[in-house]
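What follows is a single structure, written as structure tokens, with notes after it.
A short reminder: the numbers here are calculations on the coordinates, not readings from a lab. Please read all numbers here as calculations on a predicted model, not as lab measurements. As a convention, Cβ positions derive from the backbone with ideal geometry for all residues, glycine included, and neighbour counts pool all protein chains shown.
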Amino acid sequence: MKPLNKVVVETPPSGIRRFFDVASRMQNVVSLGVGEPDFATPWRIRESAIYALERGYTTYTSNAGLLALRKAITQNIEDRYGVSYDPETECIVTVGVSEGLDIAVRALLNPGDEVIYHEPSYVSYDPTIRFAGGTAVAVQTTAADGFRVSAAALEAAVTPRTKALFLSSPCNPTGAVQQRGDLEAIVEVAVRHDLYLIVDEVYDRLTYQGVHTCMASIPGARSRTILLNGFSKAYAMTGWRLGYVCAPPEVTEQMLKIHQYTMLCAPHVAQYAAIEALQNGEADVRGMVTDYDRRRRFFVRGLEAMGLRCHAPDGAFYAFPSIASTGMSAEAFAEELLQEERVAVVPGTAFGAGGEGHVRCSYATSLAQLDEALRRIRSFLSRRGLLPGEPVEVQA
């Protein structure tokens, strides 16, 4: 048979899913692997979907999504961030944020165009850019800088082929939040080099320190920004597969073509649920964020007490501790911890080469489960003499 697509063949499977699949076949596993809220979707949102089913809202919607939902989305953005979008021409409802990213880069890129992004970062960014025929250019961030990316580092990577800068804030896997000053400097770089800005803000509501800054709210940014967001994280709606994109009309017009031919539209019932989420779900969001913050502080303290240095995440629901003190690679640490103690974490290398020496732990699970995970990690380290103050066995 003739060879398959070379880019796809050479792309490894998701490092997150590999560990999730192994853990799912094991008993008594405490999973800190997949970034999924342990909350059920709030009842008021589920009930609105049940009502939609009862009314027979099971057909296609317009390609861009229900206008009522697009109006709710754009109103929500304006209320929270002061950025105004036309719901009819500047908003598309997508099948998750992942589809939004996919159609964004496919609408923007010609073969060989470069997109600069920061690592460690979510596993799909690099492959999605390459699947669209682009070249993904990674700029590394470090714990010393709070895993924030600097405008200078991004600008140093700009070439004549650069088409866009891609940012995620709050960031998966590090929990880093870009400060407004950071973003203002990055916008200046984009303006200076006439670049698009693609921003993933799906964790915007899960910001614990300070206030989230929407990239499109910064002067000079809106006309070149493609804003990605969705309902999975803040509203515990991962399985509903619903996201959205807001961008200038000349961009959404092209994105909508791809959406029409590939996805057609997002699920009708899920769209009604999203309207309810935006209009009446604020108290539910605040309650979940308060709980995540409690877990965040508890879990990071527990890691630090074991000598695993951990940058305090300012957003999202991930801790990204350093395991460099163990002398183990991220891959070995994750594999041995899973096999010996039945705790599933993701090696930092799944999020780019800069993730070596770290593992990602999702604290979107109960305090009881987090406490048990910490107990097992402590046992794992103790057995190797790696806890602070413990003697390390030296083999004769």
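A compact table of results
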{"item": "Ellipsoid semi-axes in whole angstrom, largest first, where each is sqrt(5λ) of the Cα gyration tensor of the stretch 306-396", "result": "21, 16, 12"}
{"item": "Pairwise FRET efficiency - residue 193 versus residue 250, Cβ, R0 = 22 Å, nearest 0.05", "result": "0.70"}
{"item": "Hull shadow area, averaged, the stretch 38-152 [alpha-carbon convex hull, nm²]", "result": "10.8"}
{"item": "For the chain, built as a Gaussian network whose Cα springs stay under 10 Å, the top-fluctuating residue of 78, 201, 356", "result": "78"}
{"item": "Size of electric dipole in the chain: Cβ of Lys, Arg +1 and of Asp, Glu -1, about Cα centre, debye, nearest 20", "result": "500"}
{"item": "Amide proton proximity set for residue 244, modelled H, under 5 Å, gap of 5+", "result": "94, 229, 230"}
{"item": "Angle in degrees between helix 249-262 and the longest Cα principal axis of the chain, rounded to the nearest 10", "result": "70"}
{"item": "Residue 68 versus residue 24: modelled label distance in nm, points set 7 Å from Cα along the beta carbon direction", "result": "3.4"}
{"item": "Over the stretch 262-316: Rg over Rh, Cα atoms, Kirkwood Rh", "result": "1.25"}
{"item": "Dimensions in Å of the stretch 44-281 - Rg and Dmax from alpha carbons", "result": "17.3, 56"}
{"item": "Computed lengthening from residue 211 to residue 280, 0.36 nm per intervening residue step minus Cα-Cα distance", "result": "22.7 nm"}
{"item": "Length released on extending from residue 80 to residue 5, taking residue separation times 0.36 nm less the Cα-Cα span", "result": "22.7 nm"}
{"item": "Computed label-point distance, nm, for sites residue 50 and residue 376 using a 7 Å Cα→Cβ extension", "result": "3.4"}
{"item": "Estimated FRET transfer efficiency (residue 161, residue 356; beta-carbon r; R0 30 Å; 0.05)", "result": "0.60"}
{"item": "FRET E, pair residue 260, residue 179, Förster distance 35 Å, beta-carbon r, rounded to 0.05", "result": "0.40"}
{"item": "HN-Hα J in Hz across the stretch 310-320 - Karplus 6.51, -1.76, 1.60, θ = phi - 60°, x for Gly and Pro", "result": "9, 4, 5, x, 8, x, 6, 9, 10, 9, 10"}
